[in-house]
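Engineer: Below you'll find the structure I mean.
Throughout, read-outs are computed from the coordinates displayed, never taken from laboratory work. Small disclaimer: the values here were computed from a predicted structure and weren't measured. Positions of Cβ are backbone-derived with ideal geometry, glycine not excepted, and every protein chain shown enters the neighbour counts.
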Amino acid sequence: MQNKNEKLASERIIARENEKQFAELVIIKKTLIASESRYRRLFESAKDGILILDAETGMITDVNPFLIELLGYTKEQFLEKEIWEIGFFKDIIANREKFLELKQNKYVRYENLPLEAVGGKKINVEFVSNVYIENHQKVIQCNIRDITERKKTEDEIISQSNLLAAIFESSPYIMFLADSDGIVSKINKSGAIFVDKIETEIQNKLCGNVFSCIHSFEKFGCGKTSSCPDCIVRKSLNKSIRTGESVINAEGIMTCKAGNEEHKINILVSSNLIKLKDVNKILITIIDITERKLAENAMQQSEERFRAVFEQAGVGVAILNTRTGQIVRVNQKYCDFVGYTMQEMLQKTFMDITFHEDIQTNINNNIQLIEGSNKLFSFEKRCVHKNGNILWGILTVSPLWKPDEKPQTYFHIAIVENITERKLIETTLRESEAKFSLAFKTSPYAITITEPKTGKIVEVNNGFFAIAGYSPEEAIGKSTIELNLWNNEEDRNSVVRDLQNNEIINNREYCFNAKSGKLVYGLFSAQFIQYKNNTYIISSINDITERRQAEESLRESEEKFRSYIENAPDGIFVVNENGKYIEVNKAACQITGYSEDELLNMTIIDIIPHESLEEAGNNFSNVVNTGRSFGEFYYKHKNGTNRLWAKEAVKVSDARFLCFVKDITERKQCEVLAEANYSIQTTLNAILRLSIEDIPLIELLKQTFDLIINIPSLNIESKGCIFLVNETNDSLKMVVEKNLGEHIKQACELIPFGFCHCGRAASTQEIQFSSCIDEIHEISYEGIHDHGHYCTPIVYMNKTLGVINVYLKPDHVKNKTEIEFLFAIANTLAGIIVRKNNETELRETLENLENIVSIRTKDVEIKNRQLLDEIEERIEIEEGLALSEEKYRTLIELAVDAILIGDTKGNFINANRAASVLTGYESEELFNMNMMNLFSKEVLIVNPLRYHFLNQGEIIVTERMLTQKSGMLISIEMKTRRMPDGNYQTFMRDMTVRNKLEESIRDSLEKEKELNLLKTRFISVISHEFRTPLAGISGSVQLLEKHGNKWNDAKKTEYYKRIYSSIQYANVLLDDVSIIGKDDSGQLSAKIQAVNINMLCTEVIYDLKAIHGELTKIELQNNCLLEEINTDKSHLRHILNNLISNGIKYSDKKTVDLIVESDGSANIKFIVQDYGIGIPAIDQKHLFEPFHRASNVEGIKGTGLGLTIVKRCVDLLKGTIEIESVEGKGTRVMVVLPTKI
C-alpha cells in the first residue's frame, strides 16, 4: 500500500513537471511567434531591399516590398529562382563567384556590381550578405541598398577635383599650395617660371621664403619689413599662414630675378584657406599688375592736366551722362552759377537745374547728339538757382566719344556762360517799352491824359469807352467840360487844386455822366506826369456803380433778414464748425433761459444732457456731411430741467450752420397723455366686451391680464398675476399668472391678508407700490431678481374680492396716471366678478333642480351601462396600448435624432439606433452607462444636468459638447424632460453642421456689412472730394465771367491756373476710382512697353508741381544705371503720383525726395521720402485697406485710396512695397519692380 502511494506521489510530481514544461513550451512558442511577427514587420517595412536565399542552392525564397518597388519586378519573378537567373543580375559568373565566396566566409559585401531595373535603368547598389541558421538549415539574407545618388556625388567630386587640378596647372597666375603650417607642397608652372626655380627646389619651404630679398641672403630677408618691398610681401604671406586669415588682393612691389637680371614688378597677392580631401590647405595666388600700374600712372598724369584746366576755367564746366542727364563731374564755377555745392551737384541731373520749359529742348539736343545728327550744339537756356531764381546761360555741348564710336555709356562735356545780367537788361528794356502801352490800353479802368488848365483830352484807353461811352475819336481833342463828364464841375476844380498842392488823388469817389446820360459812380485816382516834355494829368476811373447797387441791395436784404430772425417765433442759432454759437435770436434765448452773451460763450455740448450727446454728435456730423438734418432730442434749460427740441439744421458753408429749433416739451407730454388715455379707454372697452361673452370667470381674468400687461403706454413688465379671495375670506388664492417662475408660483399660491405687498393691498384696500425688493417684500427665495410692484385691490361695496399684481423694473418711478388706470381696471373687474359669481350661483341652482329628478330615475340604468362600457373600454385600451407601443418603438428606432431613456438615477434603459450612431457606443454598451459618462467633468461643471428642474416639470433645452467613444468632441443640442413614469427622456441632435452653417452665414453677413460700409464710405468720400475741385472750377469761372474784362492777363492767368489745377486733381480722382473699379472687376491689366525712367520721373514732378504749386520741392536723385525698363507706364505713373502726393499733403515743408536706384539689371527701386507727420503705429496694419485714413490726418483732404492703388499696381507689376514711418518725423516708402516683365 505504501509503495502504491509512493508511486502515485511520484506520478503526480512527474505530471506537474510535464505541465510546467508544457507551459514553458507554450510561452516559448508565443515568444517565437511574436518575434517572427516583429521580424516580418521589419522585413516588410525596411527601406533597404532584402532577399532570402537557400544557402545550398542559391534559390530565392522571399523578397521584401522595397526591392520589388526599386527594381520593378513582380514577386513571382523573384521566387523559386536561383539568384543569377534573375534578369537584373546581369553578370552571372561574378554573382556565382560571390555566392560561393559567401558559402565559405558567411559574409560578403560589394558595391561594384550594379543592378538593372525593368526598362533598363542602371541602379548602383551596396550588396551585403550574411549566412545564419534557421530551423537547423542555412539561410542567406542579402541586404541591397540603393547608392545611386552617393555614386553620382562621388563622380562629381572626382570630376571637380580633376577640373581644379587642370585650372591650377594651366593658370597664367602664380599659384602655390601650402600645408596649414605654410610649407609649400605644390607650385604651378607659372609660379616656377616666375621665381626662376624648379618645383623640387620650392617644395618643403615656407611659402613666404620662396621669394628672395635682393638686400640680404639671410633666411628671413633683410629684416626691413617696413621699407623693403620684398620683405613686406614675405611678411604678409607668413602672417596669413599663421592666423589663417584670408588676404584679398594685397598690393605690393616685388623684386624678381630672371637669371642674373633683377627687376621690380607690381603684384596683387591673395591667400585663401581651402579643403582638399578633408585636409586644410592654403592656396596663394599672385597676379603681375606691372603693365596696369604703368597705364594707371599715365592716366593719372593726363587726368591731373585735365583737372587743372577743368577747375581753373572761367566758365562753368560739367561732364554729364548724355542719356540720363546725370552730372558726373563739375567745376566750382558751375556750382557758383546755380548756387549748389559740388556734392549736391553730383546728386543731380541737368533736368533738376533747368527751367521746366527748356528741359525738352535740352533732351532733344542730347538725342540728336547720340544719333549723330548733331556733332555740337549751343543754345540759350534758363537754369534754376538753388534759391529758386531763374538764371540765363549760353550752353555749349560737345560729345566725349568719337564720331563712329558706340560706347556702352555716352558722356558729354557742357560749358555754360552766365548771361543773366545781359538778359535782364534786354528784358527790362523790352518791358519798359511795352509796359505803359499795354497797361494803358488793356486796363479795365477809364484812363485819360488831360491838360491841367483846360481839361483838354490828349489820350484815352478802351476802358474810357466802356465806362463813359465815348470812343477815342470822339474824346481826343475835347475837354471834359465839353463832354459834360463831371456830374459836379466843382469836383474837377477840387482835384486840380489838390494836385497843384503836390497831393496824389487816390480812390476818391465821384459821380460822372456817361454819354448815354447814365450816372456812373467811380473811384477816381490822378497825378501829374511828364509826357512829351509837357506836364499832364493822368487819371483813372474804377467803375463801382454795380458794386454800390449790390451793396445797397445787400444792406436792404441784410436788414430784412435780421428783422426776420429777431422776430421769428422759433429759436434760431448760427453755429461754426466747432459747434460754437456765433449768433442767436431772442426766441433762442427765451427757449434756453440763457442771455445772448451767455449763449455766445457756449457750444452745443454745453446745453446737451450726457445721455443725448451721441445722438446730437451724429446729428451734427450728418449736417456737415449732407448739408441738412432733422431730429428731436433733449437739451438742458438754464433752470436745470431737460426739455425736448424739434430741430432742423442746414449747412450755409463749411464754417457756418443754421439751426431752427422749437420747444415741443409740452406738446410731447400732451401726446403721451392722449396716447395713454386712448390705450386705457381701449383696454377698458375690451374688458367690458369680454364681460358680456359667455366665458368662465378665470378665462376672462386671463384675457384681461394679457390686455393690461400689453398696454404700450404703461411702463410695466410682461409678468404678474391676479388673486381672488378664498372661501374663508382671510387669504388670497392665485388664479391667473403670466411668466412667473415655479418658485414664486409655489410661494404665492396662497397669501394671507396683511402678508407681503399683495396681502396688505387686500387688507388695507389701498394700492401698494414698491420700486425694489424691500423689507415689506416678505416672500423671497435665493436667486430672486430685484423688481417692483403695483398691487391693486379689487373692491366691491367695501369688500375685497381680489388683487391685481403687476411687476415693475427696479427703480421705477411712481406714476399717477398708471395708478388711476389700475384703479379703473380694478373697479371694472369688481363689477364683472360680482356679476359672474351671481350668474354662476343662479346657473348651479337651476342645474341642481333639474338633475335631482333625472339622477334618481336613471341611477340603475347608468350603473349597468357603465359596467358594459367599462369592459369594452378596457379591451380597446389594451389593444390600443399594444398598437401604440409598437408605433412608438418604430418611431423611436427610425427617428433621425438620438433618443435616450434614463431611469431616475440617469442610467440608460433604452436607446434608438441614432443614439448609437451619435455616441459611437453600441446599445449594449449604452445600457451599462450613465448620462454623465457622455460628458467631460469640465462640461458638467459649466453646464450641469439639472435633474431638480426636470423634477419640477420643466423641459430643459441646452447645447453641450458630447464626448464620443472615439474621444472626439461634438456639439449637440439636448432636450430633456421627465416622463409620467419618473424616467427621463432625452433627444440629442448633432449641431456640428448647423453651427458651421450659422458661422458661414455670420461670416457672409459680416462681409456684406463690410461691403455696404465700404460702398457708403466710397460714395461719401468720392462725392466730398469731387465737390472741392468742382467748387474751385465753378468759383473761378464765375469770377472770370464777371470781372474778366477788367482784369489784366496776370490775374486771369492765375485763375486759369486754379482751374487747370482743379481739373488735374479731378482727373487724378477719376483715374484712382477707375483703377479700383477695374481691379475689383478683374479687368485691370498691364500694358508692357519700354519706359524712359528719367523722362517719366521728370513729367510726374512737373505735373505735381502744377497741382500743388511751384513752391513744392521735389528732389529727384536718379542713381539708376539703366536708361529704360520694360513695364506699364501708366501704372508706374500712378504709383509715383500717389506716393509723392501723399508726401506733399502730409508735410508742412512740402519737401519730398524721390530716389531711383538699381541693384544690377534685375530690379529697380523707387524710394519716396517725406519729412511730414508720419503714420501712427496703430494705423500701419491698415495701410492698404480702401478708404482707411490715419488717425492724425484730420483736416487734410484725401480719399484713403492712394496706398490701396499703389499696392494693387505694384502687385500687378510683380513688385514689392515696404513702408517705414515714425509719427512726427516722416515716412519712407520703397517700391521694388522688376526691370523686365
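Engineer: Could you run the Karplus curve 6.51 cos²θ - 1.76 cosθ + 1.60 with θ = phi - 60° over the range 1121-1138 and give me ³J(HN,Hα) per residue in whole Hz, x for Gly and Pro?
Structural biologist: Running phi through 6.51 cos²θ - 1.76 cosθ + 1.60 with θ = phi - 60° gives 7, 8, 8, 9, 9, 9, 7, 8, 5, 5, 5, 5, 4, 4, 4, 5, 4, 5 Hz.
Engineer: Under 13 Å from the Cβ of Met961, count the other residues' Cβ atoms, weight Lys and Arg +1, Asp and Glu -1, and hand me the total.
Structural biologist: -2
Engineer: Restricting the count to DSSP beta bridges whose residues both fall in the range 1085-1234, what percent are antiparallel, rounded to a multiple of 5?
Structural biologist: Around 80 percent antiparallel, to the nearest 5.
Engineer: Something else now. Quick one: in the range 1085-1234, what % of C-alpha pairs are over 27 Å apart?
Structural biologist: Here the tail beyond 27 Å accounts for 18 percent of pairs.
Engineer: Cys335: net charge of surrounding residues, Cβ under 12 Å, Lys/Arg +1, Asp/Glu -1, itself excluded?
Structural biologist: +1
Engineer: As an exercise, identify the GluC sites (Glu not before Pro) in the range 752-806 lying in DSSP coil whose Cβ has no more than 10 other Cβ atoms within 10 Å.
Structural biologist: Hits after loop and neighbour filter: Glu775, Glu782.
Engineer: Next question. Calculate I(q)/I(0) for the range 670-851 by the Debye formula, one identical point scatterer on each C-alpha and no solvent, and give its log10 at q = 0.14, 0.16, 0.17, 0.18 Å⁻¹ to two decimals.
Structural biologist: Ignoring solvent entirely, the Cα scatterers give -0.76, -0.98, -1.10, -1.23.
Engineer: Just subtract the alpha-carbon distance of Arg913 and Ser971 from 0.36 nm times their residue separation and send over the number in nm, one decimal.
Structural biologist: The span from Arg913 to Ser971 would gain 19.0 nm if fully extended.
Engineer: Moving on. Just flag the trypsin sites (Lys or Arg not before Pro) in the range 623-718 sitting in loop per DSSP whose Cβ has no more than 16 other Cβ atoms within 10 Å.
Structural biologist: Lys638
Engineer: Report the per residue volume, in Å³, of the convex hull enclosing the C-alpha atoms of the range 320-452.
Structural biologist: Dividing the Cα hull volume of the range 320-452 by its residues yields 151 Å³.
Engineer: Provide the net charge surrounding Ile359, with neighbours chosen by a C-beta distance below 12 Å and charges set as Lys +1, Arg +1, Asp -1, Glu -1.
Structural biologist: Net of charged neighbours comes to -2.
Engineer: A follow-up question, please. Provide Rg and Dmax in Å for the range 568-663, with only Cα atoms included in the calculation.
Structural biologist: Cα only, the range 568-663: 12.0, 34 Å (Rg, Dmax).
Engineer: Run the numbers on the range 313-426 and let me know its relative contact order in percent, using alpha-carbon pairs under 8 Å that are six or more apart.
Structural biologist: 28
Engineer: Rounded to a whole number, what is D in µm²/s for the range 443-549 from Stokes-Einstein with the Kirkwood radius over alpha-carbon pairs (20 °C, 1.002 mPa s)?
Structural biologist: Calculated translational D: 156 µm²/s.
Engineer: Moving to a separate point now. Given Cα pairs under 8 Å that are at least 6 residues apart, what percent is the relative contact order of the range 443-549?
Structural biologist: 26
Engineer: For the range 1212-1229, in order, what is each residue's ³J(HN,Hα) by Karplus, 6.51 cos²θ - 1.76 cosθ + 1.60 with θ = phi - 60°, in whole Hz (x at glycine and Pro)?
Structural biologist: 5, 8, 6, x, 10, 9, 10, 10, 10, 8, 10, 4, x, 10, x, 9, 10, 10
Engineer: I would also like to ask the following. Can you give the extra length, in nm with one decimal, that the chain gains between Lys733 and Ser185 once fully stretched, where that is 0.36 nm per residue apart less the Cα-Cα distance?
Structural biologist: Extending this stretch completely gives an extra 185.3 nm.
Engineer: Show the residues, 5+ positions off or on another chain, whose built amide H is closer than 5 Å to the amide H of Val315.
Structural biologist: For Val315, whose amide H was placed from the backbone, there are no distant partners under 5 Å.
Engineer: Can you figure out the FRET efficiency of Glu775 with Lys745, using R₀ = 22 Å and their beta-carbon distance, to the nearest 0.05?
Structural biologist: 0.45
Engineer: Contact order normalised by length for the range 670-851, with contacts defined as Cα pairs under 8 Å and 6 or more residues apart; what percent is it?
Structural biologist: Relative contact order here is 18 percent.
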